[in-house]
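Working notes, beginning with the structure itself.
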Amino acid sequence: MNNDIHLKQDDFQPLRNVVFNTLRDAILKGDLQPGERLMEIHLAKKLGVSRTPVREAIRMLEREGLAVTYPRRGAQVAKMTEKDLDDVLEIREVLDTLAVSLACNNMNEDAINRLERACREFENATKGNDIREVVRRDEDFHNVIYEASNNPRLRAILVNLKEQMYRFRFEYVKDRTIYPVLIREHKSILEALRTKDVDEVVSLTKTHLINQMECVRKIILSQE
């Protein structure tokens, strides 16, 4: 286990969430490698906590697809696979195109203003060095659209899927060369929503997801 992993203290969160965020960052940054075992007793000792929050954090990692538990072998860092990528993005394409179609008819001035602000904040985030902030601002952009769909059940499903998408999204935005493309895609989606062009916004959304899929696929293949 990498010796640079330290508990990220946060007095405002339950300990299991603090442990979860610490381990998630370690996995996403590569301090914990795919296939590496997540042994409760060793992690608890390393982080200076009991085994209970570690056990709970590992379950949370499993829900995001970052960890997997095998009988008699215990938990380990999950590997990214093409099948996982295809499964998640196949579902997201269906749900996102539904969301933008519904949002297109519901976008009012307030929603457009919030989407414009989300575009600006994403672009500003790309000028820094905080990958998590870039991911967060990308999610904020899409969350405005999901909210505008005015379908709470659809939004709930998309929130659940967001957790499974996090690792792929994180890997995608590690490559700074794709930022100009992402910024253009966000602005194009915004303009199509502004003019309420359903066909255009659906087409742009699909292209947005396909570009992400192909980029992450290359990363996965390079790691095999």
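The values are calculated or read from the model by the stated rules, or taken from the named source; none is laboratory data. What you are looking at is a predicted structure, and each value in this text was computed from that prediction instead of being measured. FYI the Cβ positions are ideal-geometry reconstructions off the backbone, even for glycines, and counts take in every protein chain you see. Note: accessible area is taken over every heavy atom of the protein model, side chains too, but ligands, DNA and RNA are not part of it. Shrake-Rupley method; radii C 1.70, N 1.55, O 1.52, S 1.80 Å.
Structure data summary
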{"item": "Pair list, Cβ < 6 Å and 6+ apart or interchain, from the range 147-159 residues that are open to solvent by 90 Å² or more (accessible area, probe 1.4 Å) to residues that are part of a helix (DSSP H, G or I)", "result": "ASN150/ASN106; ARG155/TYR146"}
{"item": "Scope the range 49-77; condition under 21 Å from VAL159 (Cα atoms) and either in a helix (DSSP H, G or I) or among the acidic types (Asp, Glu) (or both); matching residues", "result": "GLU56, ALA57, ILE58, ARG59, MET60, LEU61, GLU62, ARG63, GLU64"}
{"item": "So GLU64, is it open to solvent by 30 Å² or more (accessible area, probe 1.4 Å), under 22 Å from TYR172 (Cα atoms), of a type outside the set (Ser, Thr, Tyr) and touching a helix residue (DSSP H, G or I) at 6+ places or on another chain (Cβ under 7 Å)", "result": "no"}
{"item": "Complete set of residues in the range 36-66 that are in contact with a strand residue (DSSP E or B) (Cβ under 8 Å, 6 or more places away or on another chain) and either closer than 25 Å to LEU209 by Cβ or among the aromatic types (Phe, Trp, Tyr) (or both)", "result": "LEU61, GLU62, LEU66"}
{"item": "Check on VAL88, in contact (Cβ under 8 Å) with a residue 24 or more places away in the chain, of a type in the set (A, V, I, L, M) and touching a Phe, Trp or Tyr at 6+ places or on another chain (Cβ under 9 Å)", "result": "yes"}
{"item": "Breaking point among (1) more than 25 Å from VAL202 (Cβ to Cβ); (2) open to solvent by less than 30 Å² (accessible area, probe 1.4 Å), for ASN129", "result": "(2)"}
{"item": "Residue match in the range 78-95 (condition: open to solvent by less than 30 Å² (accessible area, probe 1.4 Å), more than 18 Å from GLN164 (Cα to Cα) and outside any loop (DSSP other than H, G, I, E, B))", "result": "no"}
{"item": "Scope the range 171-194; condition farther than 13 Å from LEU115 by Cβ and either aliphatic (A, V, I, L, M) or open to solvent by 60 Å² or more (accessible area, probe 1.4 Å) (or both); matching residues", "result": "VAL173, LYS174, ARG176, THR177, ILE178, PRO180, VAL181, LEU182, ILE183, ARG184"}
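Table: residues versus (1) in a helix (DSSP H, G or I); (2) in contact with a Leu (Cβ under 9 Å, 6 or more places away or on another chain).
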residue: ASP140; (1), (2): yes, no
residue: ASN150; (1), (2): no, yes
residue: ARG153; (1), (2): yes, no
residue: ARG169; (1), (2): yes, no
residue: HIS186; (1), (2): yes, yes
residue: LEU193; (1), (2): yes, yes
residue: THR207; (1), (2): yes, no
residue: VAL216; (1), (2): yes, yes
residue: ILE219; (1), (2): yes, no
